[in-house]
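This report concerns only the one structure given below.
Any read-out appearing in this document is the output of simple, stated calculations on the displayed coordinates, not a laboratory observation. Just so it is clear, the structure is predicted and the values come from calculations on it, not from any experiment. We place every Cβ from the backbone using ideal geometry, glycine too, and count neighbours over all the protein chains shown.
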């Protein structure tokens, strides 16, 4: 029995280590469904005001301090995501930002721990977690 328990714990540890190697992953919330997270399990958000342009960020200065742009130099994702859906843009301040299906990605300064989604619906319902299967098209 002890050997079985050790084997089970080892398999779970290996799975957890493999998942932590992703720079972007998918997690779920019983109210929000599936959404994207960074390598630390923090929710990734999109800003609806970014949708009226060409995939460029419109969040700078005070906005960017509350909504830090997410950037990963190399994107690694689980099989449920497509690497081709991610890209990098150069912001007007010269920094880089990762996009998903053309939407610049952000973190929320309100989220203090992995699994927090306090940014969802903020700013007059302008900020949202990203459902990888139902992300709006840029217009």
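At a glance:
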{"item": "Principal axis dimensions, largest first and in whole angstrom, of region 98-139 by Cα", "result": "30, 22, 17"}
{"item": "Contour minus Cα-Cα distance for residue 80 and residue 125 (0.36 nm per residue)", "result": "13.5 nm"}
{"item": "Fewest-first ranking of 67, 127, using other Cβ atoms within 10 Å as the exposure measure", "result": "127, 67"}
{"item": "Cα-based equivalent ellipsoid of region 67-139: semi-axis lengths in Å, sorted from largest, via gyration tensor", "result": "19, 16, 14"}
{"item": "Alpha carbon centroid spacing (whole Å) that separates region 46-89 from region 101-139", "result": "10 Å"}
{"item": "Distance between modelled label sites at residue 91 and residue 134, nm, 7 Å Cα→Cβ extension", "result": "2.9 nm"}
